[in-house]
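Every number here is computed from the coordinates shown, using simple stated rules; none is lab data. None of these values were measured; they are calculated from a predicted model. So basically every Cβ, Gly included, is an ideal-geometry build from the backbone, and we count neighbours across all protein chains shown.
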Amino acid sequence: MAGQTLYDKLWSQHLVKQREDGSALIYIDRQLLHEVTSPQAFEGLRLAGRKPWRLDANLATPDHNVPTTLKERAAGNAGILDPVSLIQVQTLDDNCEAFGIEEFRINDARQGIVHVVGPEQGATLPGMTVVCGDSHTATHGAFAALAHGIGTSEVEHVLATQCLVAQKMKNLRVRVEGRLGTGVTAKDIVLAVIGRIGTAGGTGYAIEFAGSAIRDLSMEGRMTICNMAIEAGARVGLVGVDDTTIDYLRERPYAPTGEQWDAAVAAWRELVSDEDAVFDKEVVFDAAEIAPQVSWGTSPEMVAPIEGEVPDPATIDDDTVKRGVTRALEYMGLSPRQKITDIRLDKVFIGSCTNSRIEDLREAAKVAKGKKVADSIALAMVVPGSGLVKRQAEAEGLDKIFLEAGFEWREPGCSMCLAMNADKLGAGEHCASTSNRNFEGRQGYGGRTHLVSPAMAAAAAIAGHFVDVRDTTLSPREA
Ligand SMILES: CC(C)[C@H](C(=O)O)[C@@H](O)C(=O)O
Ligand code: SF4
């Protein structure tokens, strides 16, 4: 019998019941909760007179609707000026209180974007099934956890039963071999992958990211890649366990200790695909060929290398693709064949669950150090992914580097990634953003998002337009 893939192992370890129609019931180890997708789930429990099945499997934090300015944050929930956002956050607090679920509230140092908080706390561990009412739950797969987003009714189901109705996915391996060039990061890998396989390339699959370039990445980098598996159409992204995984988790608050740690590590070491595992599909990339990427359109697959140009619809044969590109260029206010380096920017956003961890901020700070944000940039902001990331960055003096360069240094949350708070783009504004989605209006009505790495965003803030971070005097890997 052929060996098992990592995904197959995680699936079978959590399978409660398999039905003949293909549906199955799996056990869920960890549920993360935020204010947007949990209210109706709690309400459902209340109406049915149910209690959560296992309180300590749940961990909550508000992230989407929290303001990011210090003045407003100092006032706690009372500082949330938008009434709908206030209700959302207050309702999460009330529900967690009423049901006895642990929550890191708005001014808790551990608050942050759920996908930053879970791993940072060691609440996400290898071998777990992790769910959250949020599509970027794939992030946690970087720890060899079977993690994916679920809908609000499923949030309720998991709260009530600790189980989930699920369907087994197929296995896709994306292998990235070789060494990344200086200044090229995990974000560039994942954008290049989506650029090639497309936003539907991973549909129906769990993607395992493998190969020497993935092994060389830190956990932060692996999370960046798994985070965007959903942008490639896959609900699940995975990376097998190795020393990097284990070193990251040691002594995290929720991680096991003593003998339990040793036993856990021994079990985690098995969480890799067997040598002879068979994947339904495989794609291979040469890391050395990946350049810093910039998205020019309204879908993450509409990307180009920094030395490239915007496509010309006139050269596209397929009518549907041609129409899509034409429409995207119109919305983005770009002309055919425009050089990527000629795209001028109005705002810069460094943050989101894709790129707001300490390493991301370090990479951006290395580029920004001793430089100034261009006068033409109306706002350049850095939003740490959690209060603890913020604290760490401040201990390293990164906040000073950003502030001296003219960036705003904000409080943690989703912020301008999706503009559910006051941080928004104005119509027509171009933004270099380290987030993961660039569809029309994502960062504010009429806003134009360009997805890039933190180093590329920082370099763009300084130049006022996109530049090749590899040409800047201080590229991130060398500093
Ligand atoms: C609000 C939430 C449900 C949503 C998601 O599921 O991803 C958000 O986080 C996003 O990034 O669009
Ligand atoms: S940071 Fe952005 S992508 Fe991540 S959970 Fe928040 S809104 Fe969604």
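Using the beta-carbon distance between Arg391 and Glu275 and R0 = 41 Å, what value does 1/(1 + (r/R0)^6) give for FRET efficiency, to the nearest 0.05? The calculated FRET efficiency here is 0.45.
The GluC sites (Glu not before Pro) found in region 206-265 that occupy coil by DSSP, while having at most 16 further C-beta atoms within 10 Å, are Glu251. In summary, the lysines within cross-link reach of Lys187, defined as a Cα separation below 26 angstrom excluding same-chain residues under 8 places away, comprise Lys170, Lys281, Lys339, Lys347, Lys366, Lys369, Lys371, Lys372, Lys390, Lys400, Lys424.
Over the chain, how many percent of alpha carbon pairs lie in each 10 Å bin up to the one with the longest distance? Distribution as computed: 4, 21, 31, 27, 14, 3, 0 percent.
The order of Arg470, Arg19, going from fewest to most other C-beta atoms within 10 Å of their C-beta, is Arg19, Arg470. Each Lys or Arg adds one and each Asp or Glu subtracts one; over the other residues with Cβ under 12 Å from the Cβ of Leu45, this totals +1.
Qualifying chymotrypsin sites (Phe, Trp or Tyr not before Pro) in region 188-285, where qualification requires a DSSP coil assignment and no more than 14 other C-beta atoms within 10 Å, are lacking entirely. Tell me the mean residue ellipticity at 222 nm calculated for the chain from its helices only (DSSP H runs of n ≥ 4, each -39500 (n - 2.57), averaged over every residue, nearest 500). Calculated mean residue ellipticity at 222 nm is -9500 deg cm²/dmol.
Taking the number of other C-beta atoms within 10 Å as the exposure measure, put Asp318, Asp471 in order starting with the fewest. It would help to have the intermediate numbers written out before the result.
Details: Asp318 9, Asp471 13.
Arranged by neighbour count, lowest to highest, Asp318, Asp471 become Asp318, Asp471.
Ranked for footprinting exposure by Cβ neighbours inside 10 Å, fewest first, Lys187, Lys347, Lys366, Lys339 give Lys339, Lys366, Lys347, Lys187. Distance between the pseudo-spin-label points of Thr320 and Ala78 (7 Å out from Cα toward the beta carbon): 5.5 nm.
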